[in-house]
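Trainee: The structure that follows is given in the form of structure tokens.
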Protein chains: 2
Amino acid sequence: MNLFDVPDILPEEEQTELLLAGKTRIERIVSGGQTSDWYDQAEDEWVCVLKGEGELEYADGSRQRLRAGDTAYLPAHLRHRVSYTSAPCIWLCVFRPAE
Amino acid sequence: MNLFDVPDILPEEEQTELLLAGKTRIERIVSGGQTSDWYDQAEDEWVCVLKGEGELEYADGSRQRLRAGDTAYLPAHLRHRVSYTSAPCIWLCVFRPAE
């Protein structure tokens, strides 16, 4: 699968597991305007936007806009939510066990 | 740092550590036509090309061309080398300990 290939019609957010090796997991998520509820994850997550734009909101109310090529690191249990996505917004996410 | 921002002048391959968390390491590598010697790595590596084109050669002589958005998984000790890169070629590499 090519990371930049996106379905023409995207009724829901699309989540694709690219790698599962031991406890390392890499996913592509294609959003189309969706936002999310709050996450309180058990894993560390490194994320970048490959295409489009997304925005993360943190528990203190701050927001981080991510344009194509921007990255963020979300240590386990850092509460966050996706407060905006363009249509489409392609995310690449690397999850690893917290230590 | 934005993953798509590349120096105008790139006399050598540029390697940037984006994340080092426990034993998980994420790097951006910007090539500009360089190729490499053979690698026999102790870590597993997942790689994608974000921009441009690269080519991997394997010990059996086969070659894998990676265009922007293409990915490859290189388990530890899978002998490989970079046999071609465009100028520039932006790689995103995720390394994890072999198990």
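Trainee: Which condition does A:TRP46 not pass, out of (1) under 11 Å from the mean Cα position of the chain (by Cα); (2) touching a residue at least 60 places away in the same chain (Cβ under 8 Å), if it passes all the others?
Mentor: For A:TRP46, the failing item is (2).
Trainee: Kindly provide the set of residues from region B:5-18 that are surrounded by 15 or more Cβ atoms within 10 Å (Cβ to Cβ) and not in a strand (DSSP E or B), ordered by number.
Mentor: As a first pass, look at region B:5-18 and keep what is surrounded by 15 or more Cβ atoms within 10 Å (Cβ to Cβ): B:6, B:10, B:13-14, B:18.
Hits for region B:5-18 are B:VAL6, B:LEU10, B:GLU13.
Trainee: A further question on this structure: Being part of a loop (DSSP other than H, G, I, E, B), out of contact with any Gly (no Cβ under 7 Å at 6 or more places or on another chain) and among the hydrophobic types (A, V, I, L, M, F, W, C) narrows it down to one of B:ALA87, B:ALA76, so name that one.
Mentor: Details: B:ALA87 fails: out of contact with any Gly (no Cβ under 7 Å at 6 or more places or on another chain).
B:ALA76 is the lone residue from the list that is part of a loop (DSSP other than H, G, I, E, B), out of contact with any Gly (no Cβ under 7 Å at 6 or more places or on another chain) and among the hydrophobic types (A, V, I, L, M, F, W, C).
Trainee: For region A:25-39, enumerate the residues that are assigned to a strand (DSSP E or B), touching an Asp or Glu at 6+ places or on another chain (Cβ under 8 Å), away from every other protein chain (no Cβ under 14 Å) and not small (Gly, Ala, Ser).
Mentor: A:ILE29
Trainee: Within the group A:GLY69, A:GLY22, which residue is without any contact (Cβ under 8 Å) to a residue 40 or more places away in the chain, within 24 Å of B:GLY52 (Cα to Cα) and facing chain B (nearest Cβ under 9 Å)? Walk me through how you get there before you give the answer.
Mentor: Details: A:GLY22 fails: within 24 Å of B:GLY52 (Cα to Cα).
After applying the criteria, what remains is A:GLY69.
Trainee: Then there is this: For region B:1-45, how many residues meet the condition of being of a type in the set (Phe, Trp, Tyr) and closer than 22 Å to A:PRO97 by Cα? Please lay out each step first, then the result.
Mentor: Our first condition is that a residue be of a type in the set (Phe, Trp, Tyr); within region B:1-45, this holds for B:4, B:38-39.
From the residues that got through so far, the ones that are closer than 22 Å to A:PRO97 by Cα too are none.
Summing the residues that are of a type in the set (Phe, Trp, Tyr) and closer than 22 Å to A:PRO97 by Cα in region B:1-45 gives 0.
Trainee: Got at least one residue in region B:64-72 being among the hydroxyl-bearing types (Ser, Thr, Tyr) and either within 29 Å of A:LYS23 (Cβ to Cβ) or over 11 Å from the mean Cα position of the chain (by Cα) (or both)?
Mentor: Keep residues of region B:64-72 that are among the hydroxyl-bearing types (Ser, Thr, Tyr), which gives B:71.
In the following step, the residues that additionally are either within 29 Å of A:LYS23 (Cβ to Cβ) or over 11 Å from the mean Cα position of the chain (by Cα) (or both) were identified as B:71.
Taking every residue of region B:64-72 in turn, at least one turns out to be among the hydroxyl-bearing types (Ser, Thr, Tyr) and either within 29 Å of A:LYS23 (Cβ to Cβ) or over 11 Å from the mean Cα position of the chain (by Cα) (or both).
Trainee: I'd like the full set of residues that are touching a His at 6+ places or on another chain (Cβ under 8 Å) and surrounded by fewer than 18 Cβ atoms within 10 Å (Cβ to Cβ), limited to region B:50-99. Full working, then the answer.
Mentor: Initially, region B:50-99 is screened for residues touching a His at 6+ places or on another chain (Cβ under 8 Å), giving B:56-59, B:74, B:98.
Across region B:50-99, the qualifying residues are B:TYR58, B:ALA59, B:ALA98.
Trainee: Picking from A:ARG96, A:ARG79, which residue would you name as being of a type in the set (Lys, Arg), touching an Asp or Glu at 6+ places or on another chain (Cβ under 7 Å) and closer than 24 Å to B:ARG25 by Cβ?
Mentor: Working: A:ARG79 fails: closer than 24 Å to B:ARG25 by Cβ.
Of A:ARG96, A:ARG79, the one residue that is of a type in the set (Lys, Arg), touching an Asp or Glu at 6+ places or on another chain (Cβ under 7 Å) and closer than 24 Å to B:ARG25 by Cβ is A:ARG96.
Trainee: Let me ask you something else. Could you identify the single residue in A:ALA76, A:ALA68, A:ALA98, A:ALA21 that is more than 19 Å from B:ALA68 (Cα to Cα) and either modelled with pLDDT of 95 or more or aromatic (Phe, Trp, Tyr) (or both)? Walk me through it before giving the result.
Mentor: On the way: A:ALA68 fails: more than 19 Å from B:ALA68 (Cα to Cα); A:ALA98 fails: either modelled with pLDDT of 95 or more or aromatic (Phe, Trp, Tyr) (or both); A:ALA21 fails: either modelled with pLDDT of 95 or more or aromatic (Phe, Trp, Tyr) (or both).
Result: A:ALA76 is the single residue among A:ALA76, A:ALA68, A:ALA98, A:ALA21 that is more than 19 Å from B:ALA68 (Cα to Cα) and either modelled with pLDDT of 95 or more or aromatic (Phe, Trp, Tyr) (or both).
Trainee: Which is out of contact with any His (no Cβ under 9 Å at 6 or more places or on another chain) and at pLDDT 95 or above, of A:ASP44, A:ASP40, A:ASP8? Reasoning before the result, please.
Mentor: Values: A:ASP40 fails: out of contact with any His (no Cβ under 9 Å at 6 or more places or on another chain); A:ASP8 fails: at pLDDT 95 or above.
Answer to the check: A:ASP44.
Trainee: Here's a follow-up. Being closer than 22 Å to B:VAL47 by Cα and either surrounded by fewer than 18 Cβ atoms within 10 Å (Cβ to Cβ) or under 12 Å from the mean Cα position of the chain (by Cα) (or both) is the filter here; which residues of region A:19-43 pass it?
Mentor: Step one: filter region A:19-43 for residues closer than 22 Å to B:VAL47 by Cα, giving A:19-30, A:43.
Across region A:19-43, the qualifying residues are A:LEU19, A:LEU20, A:ALA21, A:GLY22, A:LYS23, A:ARG25, A:ILE26, A:GLU27, A:ARG28, A:ILE29, A:VAL30, A:GLU43.
Trainee: Can B:SER83 be described as more than 14 Å from chain A (Cβ to nearest Cβ), in contact with a Leu (Cβ under 8 Å, 6 or more places away or on another chain), of a type in the set (S, T, N, Q) and in contact (Cβ under 8 Å) with a residue 40 or more places away in the chain? Steps first, answer last, please.
Mentor: Details: more than 14 Å from chain A (Cβ to nearest Cβ): yes; in contact with a Leu (Cβ under 8 Å, 6 or more places away or on another chain): yes; of a type in the set (S, T, N, Q): yes; in contact (Cβ under 8 Å) with a residue 40 or more places away in the chain: yes.
Spelling it out, B:SER83 is indeed more than 14 Å from chain A (Cβ to nearest Cβ), in contact with a Leu (Cβ under 8 Å, 6 or more places away or on another chain), of a type in the set (S, T, N, Q) and in contact (Cβ under 8 Å) with a residue 40 or more places away in the chain.
The values are calculated or read from the model by the stated rules, or taken from the named source; none is laboratory data. It should be emphasised that the depicted structure is a prediction, and the values quoted were computed from it without experimental measurement. Glycine gets a Cβ as well: all are built from the backbone with ideal geometry, and neighbour counts include every protein chain shown.
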